[in-house]
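Quick notes on the structure that follows.
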């Protein structure tokens with residue numbers, strides 16, 4: 001796969017801060033935020049079907065992972081697709 005178009009796309013070179021990530025998760029993924037903010041567990045779980053294949057959904061999935069692991073110090077378990 002040719003990835004040169006990805007490397008030269010100014011949109012894709014945008015850098016997110018932890019604050020940007022938290023704001024997006026708060027707005028777009030409130031249930032994920034609630035799970036990550038819980039002090040009751042050190043891991044969060046999601047199913048691969050929770051996100052689609054569009055650029056938007058893949059970006060949200062990446063931000064969800066970043067929020068859980070970097071912003072909240074949680075582990076993530078992804079259930080297998082059956």
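The numbers here are math on the coordinates, done by the rules we state, and not lab data. This structure is a prediction, so every number in the text was calculated from the model and none was measured. With ideal geometry, Cβ positions are generated from the backbone for all residues, glycine too; neighbour counts draw on all protein chains shown.
A compact table of results
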{"read-out": "Hull volume in cubic angstrom per residue (convex hull over the Cα atoms of the chain)", "value": "113 Å³"}
{"read-out": "Protection proxy ranking, peptides 64-74, 25-35, average beta carbon neighbours within 10 Å, highest first", "value": "64-74, 25-35"}
{"read-out": "Crossing angle, helix 18-28 versus the chain [Cα axis fit, 0-90 degrees, rounded to tens]", "value": "80 degrees"}
{"read-out": "Difference of contour (0.36 nm per residue) and Cα-Cα distance, residue 76 to residue 27", "value": "15.6 nm"}
{"read-out": "Rounded tilt (10° steps) of 55-66 against the dominant C-alpha axis of the chain", "value": "50 degrees"}
{"read-out": "Taking the stretch 4-78 and dividing mean pair separation by its residue count, relative contact order in percent (alpha carbons under 8 Å, at least six apart)", "value": "35 percent"}
{"read-out": "Helix-derived mean residue ellipticity, 222 nm - over the chain, DSSP H n ≥ 4, -39500 (n - 2.57), to 500", "value": "-12000 deg cm²/dmol"}
